[in-house]
Number of protein chains: 2
Amino acid sequence: MRIGLDMMGGDYAPVEAVKGVKLFLDTVAADAHLVLIGDEAALAPLLSEAQLDQSKYSVVHSSQVIGMNEHPTKALKEKQHSSISIGFHLLQSGKIDAFISAGNTGAMMVGTFYSIKAIEGVQRPTISTPVPRLDGSLGLLLDVGINADCKAENLLQFAILGSLYSRHILNVSNPTVGLLNIGEEEGKGNLLAQATYPLLKEHPELNFIGNVEGRDVLTGKADVIVCEGFTGNVVLKMAESLHDIAVQRNINDEYMDRFNFQSYGGTPVLGVSKPVIIGHGISKDTAFKNMIVLAQQMIETKLLEKIRESFVK
Amino acid sequence: MRIGLDMMGGDYAPVEAVKGVKLFLDTVAADAHLVLIGDEAALAPLLSEAQLDQSKYSVVHSSQVIGMNEHPTKALKEKQHSSISIGFHLLQSGKIDAFISAGNTGAMMVGTFYSIKAIEGVQRPTISTPVPRLDGSLGLLLDVGINADCKAENLLQFAILGSLYSRHILNVSNPTVGLLNIGEEEGKGNLLAQATYPLLKEHPELNFIGNVEGRDVLTGKADVIVCEGFTGNVVLKMAESLHDIAVQRNINDEYMDRFNFQSYGGTPVLGVSKPVIIGHGISKDTAFKNMIVLAQQMIETKLLEKIRESFVK
């Protein structure tokens, strides 16, 4: 298993990326070989200082970096030697089995769609967020931003993808699925929610429990909550702001601490043919480590094969 | 000035409604005469016990109550002697200048649209919520649920209505308006947000500051935040749940306390020709008092005339 990591992506790269690699190698039992993609000259002293087991990683040199605010398509086209471009090239050609970056999100999305494509039958790949819940567990909310306008069929597919992720990665045995809505009863909501409800209700593989409301997001009413990416993104960013509020208000509470989304690592692009994980720009060592762990889990659990089987039917 | 109050609406009526009336009369300097609509037999002992100044109120008897879960249209049609039906009748005929109820929200909406109608030029009346902000002030978010599917023109009108409300009721001198969106730059977002942005930008009466994101809702980036009612409702209910979370986690923080939405009273239906205020079902005395205060403010500031002038242009 070879996991590729963009060492130049994110606000604190490459320092925190190297720290994350060290944290992973020091604390996680792993068969994975890490392929570190980045500027050799910048990485060499950091890697040397970190005193890593050299059998556990190799470095692939990249001479360019795509900046956080560059235009994704343009940057990918013009910077073929960037760490993100090289990462997708390695992934496409099978030289790595997963690719992780905390760099330019748009470039990661475009790169994903251009190089490795969607799994057959998946209309819209999606990104999700873990939701810290009051009972200590993690829920899953999707889509959180790449599909701002959706059809009911898209939301049905998000529910399937989310259920598989919840089952195999979050270890929820029979994950409940809720439709984010503005009322509890069937028939409530906007046109999209009204059209989605019967699709979720009738799908044989989903453990659909009906509508959930804004108040249910944090309380754990459903293990997987589906919505279009507009509302999901607003909910995610509002949840992220709770961490800032807790810090600013000097609120010391274990639950509020869990809104530090940085600690979760990154989000996989669900529904594409190989594991791609996109990290937050502010990722630090723990986030990088967690993203490597997630890539390893996605490979070990054969999540993508399970998604493929589900969509072949 | 005569303000009508449904004494039978809400989970704790009529006891808390009477307490709210007492709180209002005891603590607020008011020229308002209160018209208390409810079951005389039920109200008499409570009013007597409260020892209110009898010149400040009168009672209008209603022999029926519309339950919280009754079908709105059906209930209004079949229960002509309910407190809500009588309230709208009094409002329509000019015997009261404002009507307040914490009862069946659907019946309040239907009653509003059937009896007093929208102000000319307003396509979709709207409801809003105050947003407790970190700096201690209150923002305004709208729509929060009655318009789940919207066009860009509707959001433009919400922005105008919200700005007038913010200026005249919340005393913000030149309220900033933000479009709730999933990115900062113009051009981001779903189709609705993309279509709405230029309308807000070009409107001469709006102090439009661009897109705001989920993380900006609680931090006060804009005084008025507009969105369709689906996202707005999810945001509102998620914000409401923060109060439950603070209670459950035993978090004692002044800012978190302010997510007890019950204390704000109710929401006016903005864009209709007379003041109608809808309270939360769980309203208690402070909520009832605050709704009466709000009705009084709406009348004193001539808010509805200002809305009318704005939409005549």
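Since every read-out is calculated from the coordinates, none of them should be taken as a lab result. Since the structure is predicted, the reported quantities are computational estimates derived from the model, not experimental observations. Reconstructed Cβ throughout: ideal geometry from the backbone, glycine too, with neighbour counts over all protein chains shown.
In whole Hz, what ³J(HN,Hα) sequence does segment B:59-71 give by Karplus (6.51, -1.76, 1.60; θ = phi - 60°), x for Gly and Pro?
Per residue, the Karplus-derived 3J(HN,Hα) values read 10, 10, 6, 10, 9, 10, 10, 8, x, 4, 10, 6, 5 Hz.
With +1 on the Cβ of every Lys and Arg and -1 on the Cβ of every Asp and Glu, and nothing else charged, how large is the dipole of segment B:123-261 about its Cα centre, in debye rounded to the nearest 20?
It comes to approximately 120 debye.
Label-to-label distances across copies for B:ILE282, with labels 7 Å out along Cα→Cβ, in nm, shortest first?
3.0
Is the C-alpha gyration tensor of segment B:1-142 telling us rounded, prolate or oblate? Criteria: a/c under 1.5 is rounded; beyond that, a/b larger than b/c is prolate, otherwise oblate.
Here segment B:1-142 falls in the oblate category.
With springs connecting C-alpha atoms under 10 Å apart, model chain A as a Gaussian network and identify which of A:VAL247, A:VAL172, A:VAL269 has the largest mean-square fluctuation.
Comparing A:VAL247, A:VAL172, A:VAL269 in the GNM, the peak value goes to A:VAL247.
Take the alpha carbon gyration tensor of segment A:123-263, find the square roots of its eigenvalues, order them as a ≥ b ≥ c, and report rounded if a/c is under 1.5; if not, report prolate when a/b exceeds b/c, else oblate.
prolate
Would you grab the residues whose amide H sits under 5 Å from the one on B:ILE100? Only those 5+ places off in sequence or on another chain, please, with H modelled 1.01 Å from N.
It is B:GLY4, B:LEU5, B:ASP6, B:ILE277, by chain and number.
Each residue of segment A:243-255 in turn: what ³J(HN,Hα) in whole Hz from Karplus with 6.51, -1.76, 1.60 and θ = phi - 60°, glycine and Pro shown as x?
Listing the rounded values in order: 5, 4, 5, 4, 5, 5, 8, 6, 8, 9, 8, 4, 5 Hz.
In deg cm²/dmol and to the nearest 500, what is the mean residue ellipticity at 222 nm of chain A if only DSSP H runs of at least 4 residues count, each as -39500 (n - 2.57), divided by the residue total?
-13000 deg cm²/dmol
Between A:LYS237, A:LYS274, A:LYS289, where does the largest GNM mean-square fluctuation fall for chain A, given springs only between Cα atoms within less than 10 Å?
Result: A:LYS237 has the largest fluctuation of those listed.
Under the rule of at least 5 residues apart or a separate chain, name every residue whose amide H is placed under 5 Å from the amide H of B:VAL60.
B:LEU36, B:ILE37, B:GLY38
Once you order the gyration tensor axes a ≥ b ≥ c over the Cα atoms, which shape class does segment B:162-240 get: rounded for a/c under 1.5, otherwise prolate or oblate by comparing a/b with b/c?
In terms of gyration-tensor shape, oblate.
To the nearest 0.05, how large is the calculated FRET efficiency for A:PHE113 and B:GLU254 if R₀ is 51 Å and r is the Cβ-Cβ distance?
It comes to 0.65.
Apply the Karplus parameterisation 6.51 cos²θ - 1.76 cosθ + 1.60, with θ equal to phi minus 60°, to every residue of segment B:134-149 and state each ³J(HN,Hα) to the nearest whole Hz, in sequence, with x for glycine and proline.
Each residue's phi maps through the Karplus curve to give 4, 7, x, 7, 10, x, 9, 10, 7, 7, 10, x, 8, 10, 6, 10 Hz.
What is the angle, in °, between the Cα long axis of helix B:152-168 and the longest principal axis of the Cα atoms in chain B? Nearest 10 is fine, range 0 to 90.
It is inclined by approximately 60 degrees.
Report the relative contact order of chain A, percent, no decimals, based on alpha-carbon pairs under 8 angstrom and at least 6 residues apart.
Rounded, it is 23 percent for chain A.
Could you identify the residue of B sitting closest to the B-A rotation axis by Cβ and state that distance rounded to whole angstrom?
Nearest residue, distance rounded to whole Å: B:THR231, 2.
List the residues, sorted by chain then number, that are 5 or more residues from A:THR301 or on another chain and whose placed amide H is less than 5 Å from its amide H.
Correct list: empty.
Tilt of helix B:15-27 relative to the longest C-alpha principal axis of chain B, in degrees (0 to 90, nearest 10)?
With rounding to tens, the tilt is 80 degrees.
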